[in-house]
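Accompanying notes for the structure given below.
The values are calculated or read from the model by the stated rules, or taken from the named source; none is laboratory data. It should be emphasised that the depicted structure is a prediction, and the values quoted were computed from it without experimental measurement. Because the Cβ atoms are built from the backbone with ideal geometry, glycine has one as well, and the counts that use them run over all protein chains shown. The accessibility values were calculated without ligands, DNA or RNA, using every heavy atom of the protein model including side chains. Shrake-Rupley method; radii C 1.70, N 1.55, O 1.52, S 1.80 Å.
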Amino acid sequence: MRLEIKDLYASIDGKAIINGANLAMNEGEVHVIMGPNGSGKTTLAKAVFGYPGVKVTRGDVLVDGKSILGLTTDKRAALGLFLGFQHPVEIEGVGFVNFLRASKEAVSQSQANMKELMKDIKSWSDELKMDESIIGRALNKGLSGGEKKKAEILQMVLQRPKIAMLDEPDSGLDIDAVKVVAENINKAAEQTGMGVLVITHYNRILSHMHPQRVHIMADGRMVADGGKELIDKLEKEGYESFNRR
Ligand SMILES: Nc1ncnc2c1ncn2[C@@H]1O[C@H](COP(=O)(O)OP(=O)(O)OP(=O)(O)O)[C@@H](O)[C@H]1O
Ligand SMILES: [Mg+2]
């Protein structure tokens, strides 16, 4: 799968937030988006996913050369796109296992084999060092910030997307948990060949990953694209140096 964001403009409540964003990536690649607070990273991910309230006003989002802007969010997921939220929501009354099954079935458009699914859930939640009791609870209900992030990674690996966008998968995680999450993203990517687009503020998660491409975003567009050297430049000079183009 190839995902292309082409000269994309998007607004929320009439306010322009994405102002000509460009990005292209293939399955199997790891890309990173970094950028200051409020630069539009989350909004860009939501626009790609067709999130309600984010209105695309110009440009296009293509999967394998075809526009997906006319598709509903579930159709985009069925194509193989996954979005891990910066702030996962708690849903009362929806059991975690039921949710994992429903999302897997919706995307694969076939019935899940419960025995296999439970085996998968058990082995990946062990890898992610998740407390077993979480599995029996309602979706994200009462989970700590870090536990919610791990629950999202679990959802991602079970869904087997072709390209996963992960919005700050490291936010709120302790040092050990960042490593566990990064290693599991890597493992899932190796096993399935999926592409990963990580939005982050921090070097730490990237030290456990091998991004091919780094995109720096400011004011709703990319102000620099390059290799890992951009992360070092950012660490040394901050975002200021990227704004002065
Ligand atoms: N629902 C909304 N209504 C009004 N403005 C919004 C809404 N959602 C986002 N914005 C604005 O859009 C801009 C970009 O927000 P966004 O969440 O995409 O930034 P971000 O780059 O993800 O920031 P952070 O690093 O803090 O997560 C901000 O100025 C924000 O206030
Ligand atoms: Mg954000």
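Between I175 and Q111, the FRET efficiency from the beta-carbon distance, with R0 = 51 Å, is close to 0.80. If you take all other residues with their beta carbon under 10 Å from the beta carbon of I12, and give Lys and Arg +1 and Asp and Glu -1, the sum is +2.
Which residue fluctuates the most in the chain, going by a Gaussian network model with Cα springs under 10 Å, if the choices are K104, K179, K66? In the Gaussian network model the winner is K66. Temperature 4 °C, viscosity 1.567 mPa s: under these conditions the Stokes-Einstein estimate for the stretch 1-136, based on its Kirkwood radius over C-alpha pairs, is 76 µm² per second. Look at the dipole of the chain built from charges on Cβ: of G93, V54, L173, the Cα furthest out on the positive end belongs to V54. Annotation for D64 and D219: the two label points, set 7 Å from Cα along the Cα-Cβ direction, are 3.8 nm apart.
Calculate, for the stretch 2-243, the solvent-accessible area per residue in square angstrom, rolling a 1.4 angstrom probe over the heavy atoms of the protein chains. Display every interim value, and only then the final one.
Values: 11340 Å² over 242 residues.
Per-residue accessible area for the stretch 2-243 comes out at 47 Å².
For the stretch 23-38, 3J(HN,Hα) computed residue by residue from phi via the Karplus equation (6.51, -1.76, 1.60; θ = phi - 60°) reads 6, 9, 8, 10, 3, x, 9, 10, 10, 10, 10, 10, x, x, 3, x Hz, glycine and proline entered as x.
Legend: calculated FRET efficiency, R204 to E229, from the Cβ-Cβ distance at R0 = 22 Å, rounded to 0.05, equals 0.80.
What percent antiparallel are the DSSP beta bridges of the chain, to the nearest 5? The antiparallel proportion sits near 60 percent. A dipole drawn for the stretch 2-243 from +1 and -1 charges on Cβ atoms has a positive end, and of N19, I33, V63 the residue lying farthest that way is V63.
Solvent-accessible area assigned to carbon and sulfur over the chain amounts to 48 percent, based on a 1.4 Å probe. Anisotropy class assigned to the stretch 100-205 is oblate, per the alpha carbon gyration tensor with a/c at or over the 1.5 cut-off and a/b no larger than b/c. Over 18 Å apart at the Cα level, from the set K6/K55; K46/K129; K15/K46; K104/K141, are K46/K129; K104/K141. As a calculated quantity, the FRET efficiency between S241 and K15 at R0 = 35 Å, using C-beta atoms, amounts to about 0.80. Its Cα gyration tensor gives the stretch 174-221 an equivalent ellipsoid; the semi-axes, largest first and in whole Å, are 20, 15, 8. Distant-in-sequence amide contacts of I17, defined by a placed amide H-H separation under 5 Å and a gap of 5 or more residues or a different chain, comprise A10, S11, I12. Across the stretch 59-72, computed HN-Hα scalar couplings (Karplus, 6.51 cos²θ - 1.76 cosθ + 1.60, θ = phi - 60°) run x, 8, 10, 10, 10, 6, x, 10, 5, 10, 5, x, 8, 6 Hz from first to last residue, x flagging Gly and Pro. Mean silhouette area of the stretch 2-243, derived from the convex hull of its C-alpha atoms and averaged over all directions, reads 12.6 nm².
State, as an integer percentage, the relative contact order of the stretch 2-243 based on alpha-carbon contacts under 8 Å between residues 6 or more apart. Display every interim value, and only then the final one.
Details: 447 pairs, mean separation 67.9, N = 242.
Relative contact order for the stretch 2-243 comes out at 28 percent.
The dipole here belongs to the chain: it is taken about the Cα centre, uses +1 on the Cβ of Lys and Arg and -1 on the Cβ of Asp and Glu, and is about 520 debye.
With the convex hull drawn over the C-alpha atoms of the stretch 158-245, the volume per residue is 109 Å³.
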